[in-house]
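The values are calculated or read from the model by the stated rules, or taken from the named source; none is laboratory data. This is a predicted model, so every value here is computed, not measured. Glycine gets a Cβ as well: all are built from the backbone with ideal geometry, and neighbour counts include every protein chain shown. Please note that ligands, DNA and RNA were not included when accessible areas were found on the heavy atoms of the full protein model with its side chains. Shrake-Rupley method; radii C 1.70, N 1.55, O 1.52, S 1.80 Å.
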Amino acid sequence: MPSTPDLRDQPAETEARTTPIEPQQQEQPPVSRRGLFGVAGAGLAGLAVGAAGGFALDSQEATPTQPQAAGTRTYPFYGEHQAGILTPVQDRLHFAAFDVTTDSRTELVQLLKDWTAAAARMTQGFGAGQLGPTAGPYGAPPDDTGEAIGLSPAGLTITFGFGATLFRKAAQDRFGLGELRPTALQRLPHFPADKLDPLKSDGDLCIQACADDPQVAVHAVRNLARIAFGRAAIRWSQLGFGRTSSTSTGQETARNLMGFKDGTMNLKAEEPAAIDTHVWVPAGADAQGQWLAGGSYLVVRRINMTIEIWDRQPLSEQERVIGRTKAEGAPMSGGSEFSQPDFVVKGSDDEPLVATDAHVRMVHPDHNGGAKMLRRGYNFVDGSDGLGRLDAGLFFLAYVRDPRTHFIPIQMKLGLGDGLSEYIQHTGSALFAIPPGIAQGEYVGQALLS
């Protein structure tokens, strides 16, 4: 982030910096000493991400252009689709759901305009405001909180979404949007075995900030929450580390906290036909939701793992439940990681090698009408309870064309018969409509609110 002189070094009568700091698209903020250490500390895992993520992508996210160092790379904020969906998954996440606290449509529109301007700046490595964290009137709060001074952009992406309660909440249509709520945008049902915390579920708005530096991601959400003061407030938030999916063929498959490779068969940006079929909402899909064409739906599930119980299971039980080998991630029916599972072949005990309740069998597209998801999940550890058990698991994020066909039936089936259910507990749940990309000069959601 460009540095600015501290006004405390200037005469007392100087009230403000006269020349705001503006983004310069041809310049990249320098890599700080701390940023260099962060890249080095990422080790081989960071190199694996860099193999696919070390490119600035064009406005449609799928075409690599100019190579950049892992710490200094940036992704365009403006384009046909929002960044942070097809973008190669970064290593860190700060996700926040907001409740809108104003009933004024004008104030909501201005909030989205302010968020758009700040996000466009921060994703390119600049401050949330035009003056920066150490300039502006000395007697007023800075327009940036300052904890990202000297840090590189770290591949920051910021993705915005709208919840069903933005359109109608407690039977009230606060902003005149009730007739524009897409039919598919509803509160997710209570699935079998759910134990949802209402304080970690739902929301009017959401922000997904992903980066390869956790402080960069936290800085982004912190400043957007600060900008929202008086108009929206954080309802709940989640920090994530260690991606559990890859969205590019150049990224290695990551592991979840159970120690297994996660998202082996995930959709990839290099599969545009499949992405069109399973991720983007097509024009004409919903008469009420024409504004969402080119966007997507984001399913959010906070999944706690009973880590201590899982860790006491024999390897044979762990592999049976998942349906893959722990070492290489190959299906239990044989082959390598990317081999298609054989759900028919049986072992010497005359039982299928891929168990009938194995997770990989339950979620496979062949058993779910061909439905696929684009996953961008993260591991989380939020301390421990009073009995020494970790509050840890998977923060599940998945982009789908229609949750009614691409998520709800699958999750209903998992809740009833997935062998993995014995070791997990769903504690948070939300669904958001993700508007299409933003053109320069416009703001997120403009097609809905204009």
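Data for the structure
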read-out	value
THR102-ASP342 pseudo-label distance in nm [points 7 Å out on the Cα-to-Cβ vector]	6.3 nm
Gyration tensor (alpha-carbon) shape descriptor, region 83-143, a/c threshold 1.5	oblate
Descending Cα extents along the principal axes, region 145-266, whole Å	46, 42, 26
Prolate/oblate/rounded call for region 307-404, Cα gyration tensor, a/c under 1.5 rounded	oblate
Hz values of 3J(HN,Hα) by residue in region 321-335 - Karplus curve (6.51, -1.76, 1.60), Gly and Pro given as x	5, 6, x, 9, 6, 6, 5, 10, x, 6, x, 5, 7, x, x
Cα gyration tensor shape for region 196-321, rounded if a/c is under 1.5, else prolate or oblate	oblate
Residues with amide H under 5 Å from that of ASP382, placed H, sequence gap 5 or more	ASP391, ALA392
5 angstrom amide H check on ARG255, placed H, neighbours 5+ away	ASP262
Alpha-carbon spread of region 361-431, three principal axes, descending order, Å	43, 23, 16
Cut-off 14 Å between beta-carbons: net charge of the residues surrounding GLU308, Lys and Arg +1, Asp and Glu -1	-2
Difference of contour (0.36 nm per residue) and Cα-Cα distance, GLU351 to ASP276	23.2 nm
Charge context of HIS278, other residues only, Cβ under 13 angstrom, K/R +1, D/E -1	+1
Distribution of pairwise C-alpha distances over region 114-180, 5 Å bins, in %	3, 15, 18, 15, 11, 10, 12, 11, 5, 0
Whole-number percent relative contact order across region 349-404, with pairs defined as alpha carbons under 8 Å at least 6 apart	27 percent
Region 383-450: trypsin sites (Lys or Arg not before Pro) in DSSP loop, at most 14 other beta carbons within 10 Å	ARG389
Residue-wise HN-Hα coupling along region 181-191, computed from phi with Karplus coefficients 6.51, -1.76, 1.60 (Hz; x: Gly, Pro)	6, x, 4, 6, 8, 9, 5, 4, x, 7, 7
Cβ charges +1 (Lys, Arg) and -1 (Asp, Glu), total dipole of region 86-194, debye	280 debye
Relative contact order (%) - criterion: Cα under 8 Å, at least six apart; region: region 165-259	17 percent
Of LYS113/LYS413; LYS268/LYS326; LYS195/LYS326; LYS113/LYS261; LYS346/LYS413, pairs whose Cα-Cα distance is over 30 Å	LYS113/LYS413; LYS113/LYS261
Rel. contact order, % - alpha carbon contacts under 8 angstrom, at least six apart, region 254-295	23 percent
Residue-wise HN-Hα coupling along region 138-145, computed from phi with Karplus coefficients 6.51, -1.76, 1.60 (Hz; x: Gly, Pro)	5, x, 10, x, x, 8, 8, 6
Accessible area of region 136-255 belonging to carbon and sulfur atoms, whole % at 1.4 Å probe	58 percent
